[in-house]
Amino acid sequence: MESEYVEREITLNGVDPRELYGAQNVCLDQIKEMNPSLKIVARGSKLKVLGSERETKRFEERLNGLVEYYKKYGHISPVVVEQCFSGVATDREELLDKDVIVYGNNGNIIRAKTVNQERLVKMYEKNDLLFAVGPAGSGKTYTAIALAVRALKEREVKRIILTRPAVEAGEKLGFLPGDMKEKLDPYLQPLYDALNDMIPPAKLEKFLEDGTVQIAPLAYMRGRTLGNAFVILDEAQNTTLAQIKMFLTRMGRNSRFIVTGDVTQIDLPKKSDSGLMRTMQILRDVKGISMVEFDKRDIIRHDLVKFIVDAFEHDAEKHDPKQEKKYKAPLIDLKMPIDDGEE
């Protein structure tokens with residue numbers, strides 16, 4: 001009598017088996033535990049599965065679903081393996097943890113941690129241009145970059161472009177060592193730091209080389225049309241009205257823009273030159289644009305940061321109560337004439 005058991009060989013195409021099997025084969029071991037009636041032997045990108053015709057066929061279908069999930073989202077977790085091989089998820093989209101923005105490196109799960117971070121994620125689904133303003137440490141830029149990385153992984157866009165105005169905060173560019181790139185990189189380092197949390201180093205290096213990920217000073221945006229891109233302008237409080245207008249008018253087809261800033265940390269020689277708040281006033285009622293205002297409750301750095309922000313605010317009010325009005329009023333005064341400046 002012919003045995004009911006068959007041996008099925010499955011080849012993993014388009015995926016690094018080490019990523020699929022997990023660190024120290026943790027995911028592979030989980031897959032074996034969830035399929036006790038099958039004998040599974042992994043040799044690099046090939047798996048040999050011994051069992052009944054029906055069970056080996058079902059195993060291959062579920063494994064292919066896991067592979068497709070990894071190709072789309074760039075991450076495999078024990079939760080996803082559990083959902084896939086338990087049969088709980090009947091569609092690949094159901095495998096996605098809806099609260100997760102993106103899966104970072106080393107199994108790091110990046111999700112919205114505060115009410116306003118959640119608002120930013122929800123507003124992103126409905127708008128092509130977002131403004132996110134608020135204090136340092138509230139996760140504005142980090143959440144925006146997480147959304148950008150997700151959009152790239154899901155092929156919603158073809159590239160990520162991150163930019164900042166190169167405005168000195170105490171040091172002059174001319175006194176810094178190195179060529180122009182070396183002078184500018186310190187201003188852009190926070191953007192590199194966030195990307196390093198979310199994209200494997202080798203892949204990020206490749207993306208930077210082929211232009212899939214671009215990090216550049218705001219001045220380099222002039223004259224470009226940024227289509228099929230997720231573009232983030234960080235530290236926008238240090239842009240003039242003309243500069244921010246120049247940036248926003250770079251928007252091309254199938255592009256998503258997020259502008260972040262903190263109006264309490266303006267480094268321009270004249271604080272009243274900042275165009276961020278004025279721009280938000282001008283665009284507040286435009287359909288397709290949304291604005292999220294972060295506050296001290298969103299600060300997710302060290303607990304002391306909240307108290308530091310409070311202390312500086314109180315000190316500023318105590319020593320110079322007119323200082324805030326001196327530069328804030330012109331920024332939100334709708335009667336202020338608009339200088340179109342450069343194209």
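The values are calculated or read from the model by the stated rules, or taken from the named source; none is laboratory data. Owing to the predicted nature of the structure, the values given are computational and were not obtained by experimental measurement. Here Cβ is always computed from backbone atoms with ideal geometry, including for glycine, and neighbour counts include all displayed protein chains. When the accessible area is computed, the model is the full protein with side chains, heavy atoms only, and any ligands, DNA or RNA have been set aside. Shrake-Rupley method; radii C 1.70, N 1.55, O 1.52, S 1.80 Å.
Numbers for the structure displayed
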{"quantity": "Given (1) of a type in the set (A, V, I, L, M, F, W, C); (2) within 22 Å of L191 (Cα to Cα); (3) at pLDDT below 95, number of the condition V259 does not satisfy", "calculated": "(3)"}
{"quantity": "Scan of segment 66-80 for residues that are at pLDDT 85 or above and surrounded by 20 or more Cβ atoms within 10 Å (Cβ to Cβ), ordered by number", "calculated": "L66"}
{"quantity": "Matching residues in segment 33-43 - criterion: being part of a loop (DSSP other than H, G, I, E, B) and open to solvent by less than 60 Å² (accessible area, probe 1.4 Å)", "calculated": "M34, N35, L38"}
{"quantity": "In segment 197-253, the residues that are part of a loop (DSSP other than H, G, I, E, B), open to solvent by less than 30 Å² (accessible area, probe 1.4 Å) and touching a helix residue (DSSP H, G or I) at 6+ places or on another chain (Cβ under 8 Å)", "calculated": "I199, T212, D234, T239"}
{"quantity": "Residues satisfying the stated conditions in segment 36-58, i.e. touching a residue at least 40 places away in the same chain (Cβ under 8 Å) and closer than 20 Å to E19 by Cα", "calculated": "K48, V49"}
{"quantity": "Residues within segment 1-22 that are in a helix (DSSP H, G or I), open to solvent by less than 80 Å² (accessible area, probe 1.4 Å) and without any contact (Cβ under 8 Å) to a residue 24 or more places away in the chain, tallied", "calculated": "1"}
{"quantity": "Any chance L188 is without any contact (Cβ under 8 Å) to a residue 24 or more places away in the chain and part of a helix (DSSP H, G or I)", "calculated": "no"}
{"quantity": "Check on D285, open to solvent by 30 Å² or more (accessible area, probe 1.4 Å), without any contact (Cβ under 8 Å) to a residue 12 or more places away in the chain and more than 25 Å from the chain's Cα centre (by Cα)", "calculated": "yes"}
{"quantity": "Single residue of segment 254-282 satisfying the filter (among the charged types (D, E, K, R), touching a residue at least 60 places away in the same chain (Cβ under 8 Å) and open to solvent by 40 Å² or more (accessible area, probe 1.4 Å)) that is farthest from L152 (Cα to Cα)", "calculated": "D267"}
{"quantity": "Qualifying residue in segment 44-57 (condition: exposed (fewer than 12 other Cβ atoms within 10 Å of the Cβ), part of a loop (DSSP other than H, G, I, E, B), in contact with a helix residue (DSSP H, G or I) (Cβ under 7 Å, 6 or more places away or on another chain) and on the phi > 0 side of the Ramachandran plot)", "calculated": "yes"}
